[in-house]
1. Skip the ligands, DNA and RNA, and give the accessible area per residue of the chain with a 1.4 Å probe, whole Å².
2. Mind ordering 104-110, 188-194, 279-285, 242-248 by average Cβ neighbours within 10 Å, highest first?
3. Just check the range 127-254 against the gyration tensor rule for me: Cα atoms, a ≥ b ≥ c as the square roots of the eigenvalues, rounded for a/c under 1.5, and otherwise prolate or oblate depending on whether a/b exceeds b/c.
4. Counting every Cα pair in the chain, what percent are over 26 Å apart?
5. Most mobile of Leu34, Leu215, Leu58 per a Gaussian network model of the chain (Cα springs, under 10 Å)?
6. Quick check on the chain: helices-only [θ] at 222 nm, where DSSP H runs of length 4 and up contribute -39,500 (n - 2.57) each and the sum goes over total residues. Nearest 500, please.
7. Apply the Kirkwood formula to the range 163-326: the hydrodynamic radius equals the inverse of the mean of 1/r over all pairs of different alpha-carbon atoms; give it in Å with one decimal.
8. Any chance you could check the Cα centroid distance between the range 82-104 and the range 249-308 for me, in angstrom?
Amino acid sequence: MAEQPRNGGSSQSRALNGKVTVVGAGFYGSTTALRLAEYDVFETVVLTDIVEGKPEGLALDINQSRPIEGFETKVVGVGGGSYEGTEGSDVVVVTAGVPRKPGMSRMDLIETNAGIVRQVAENVARTSPDAVVIVVSNPLDEMTALAQLATGFPKQRVMGQAGMLDTARFSHFVAEELGVPVASVRTLTLGSHGDTMVPVPSRCTVDSKPLADVLAADRIEDLVTRTRNGGAEVVALLKTGSAYYAPSAAAARMAKAVIEDSGAVMPVCTWVDGEYDISGVYLGVEAEIGREGVRRVVQGDLTESELAGLREAAEAVRAKQADVADL
Ligand SMILES: NC(=O)C1=CN([C@@H]2O[C@H](COP(=O)(O)OP(=O)(O)OC[C@H]3O[C@@H](n4cnc5c(N)ncnc54)[C@H](O)[C@@H]3O)[C@@H](O)[C@H]2O)C=CC1
Ligand SMILES: CC(=O)C(=O)O
């Protein structure tokens with residue numbers, strides 16, 4: 001008997017809802033589009049790029065996997081920098097921009113990517129004025145602030161993806177270290193997607209036990225450092241380009257939480273206005289995500305040193321975010 005598609009070939013389709021546009025059909029954008037299509041939640045995933053042919057080809061390729069994987073979401077590719085077909089998107093994921101090379105910091109990308117993100121944001125504001133925007137281009141905290149300025153959207157409708165990824169890396173490292181299922185591990189990272197990232201060991205558990213009860217302090221510190229350098233570790237191994245499997249999983253989950261209005265609480269880069277006594281800055285904190293973007297920032301307990309780290313991160317990114325308006 002021939003292999004059946006995942007849905008068993010049923011002609012009954014589930015209710016699909018809304019449109020998500022992924023800007024940038026590189027490694028991050030194309031894997032995000034694939035994950036979003038495979039969720040089978042959105043009606044349409046639009047993949048766009050300045051390059052002609054690549055998004056169209058990737059869309060055709062993903063669509064041809066529909067009978068095998070059993071999803072009904074359709075992917076549309078739009079090249080040449082056009083936004084035709086993206087109009088009225090509910091969610092836009094901005095992956096356009098250059099990735100870093102070995103030895104570069106995310107901040108080394110700021111001038112090049114600011115020009116790209118500004119141009120993309122202006123097009124998004126014109127074509128999808130009600131969208132929730134999820135920025136991933138680096139340097140993340142600064143590009144998120146720039147996208148909000150350039151779209152003019154309310155701050156809760158523009159957020160950045162970093163904390164989900166950094167948290168996932170931390171969880172993976174803890175699970176590997178202890179030889180336990182990743183599902184038994186809960187971790188958290190806050191702060192910036194850069195040197196002032198704040199992994200939060202006091203909020204980490206393994207099978208509901210505090211991490212400090214199951215792992216020695218010096219090993220926890222090693223994993224904190226490895227998490228802070230998680231992106232650079234992959235860049236050094238790849239030699240060209242940066243990570244995209246874990247990053248795309250993180251961005252796709254955020255987009256899904258928006259369209260499903262799920263209220264999921266996740267670490268994201270969002271506008272902080274008073275929480276932790278920090279104000280007026282885009283920063284990595286936990287937030288409840290729904291159809292309107294960030295419903296609210298969720299303030300959790302932190303130790304004194306973790307709180308000091310978060311405030312330090314806020315000051316570091318505030319200074320850079322103040323400059324992005326001029327880029
Ligand atoms: N926030 C995070 O956690 C992470 C962020 N990143 C960042 O995501 C960005 C993309 O990474 P990759 O996909 O690996 O790079 P890539 O080089 O594979 O793809 C970037 C794509 O953007 C396109 N592009 C450039 N200018 C554009 C414009 N004006 N409009 C539309 N498309 C445009 C390029 O043609 C290219 O296809 C980088 O800035 C990278 O640093 C990557 C991983 C994690
Ligand atoms: C590229 C990047 O930001 C990361 O992998 O963390």
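The values are calculated or read from the model by the stated rules, or taken from the named source; none is laboratory data. Just so we're clear, the structure is a prediction, and the values are computed from it rather than from any experiment. Cβ sites come from the backbone with ideal geometry, for glycine too, and all protein chains shown count toward neighbours. Surface areas here come from the heavy atoms of the whole protein model, side chains and all, with no ligands, DNA or RNA. Shrake-Rupley method; radii C 1.70, N 1.55, O 1.52, S 1.80 Å.
1. On the way: 14500 Å² over 327 residues.
I get 44 Å² per residue for the chain.
2. Numbers: 104-110: 17.7, 188-194: 26.6, 279-285: 24.1, 242-248: 19.7.
In decreasing order of mean packing, 104-110, 188-194, 279-285, 242-248 become 188-194, 279-285, 242-248, 104-110.
3. Details: a/c = 2.29, a/b = 1.84, b/c = 1.25.
Judged from the Cα gyration tensor, the range 127-254 comes out prolate (a/c at least 1.5, a/b above b/c).
4. Values: 24715 of 53301 pairs.
Value for the chain: 46 percent of Cα pairs lie more than 26 Å apart.
5. Comparing Leu34, Leu215, Leu58 in a Gaussian network model of the chain, the most mobile one is Leu215.
6. Working: 11 runs with 134 residues, N = 327.
Taking each H run of at least 4 residues, the total per residue is -13000 deg cm²/dmol.
7. On the way: mean 1/r = 0.0606 Å⁻¹.
Result for the range 163-326 stands at 16.5 Å.
8. With the range 82-104 and the range 249-308 each reduced to a Cα centre, they are spaced 21 Å.
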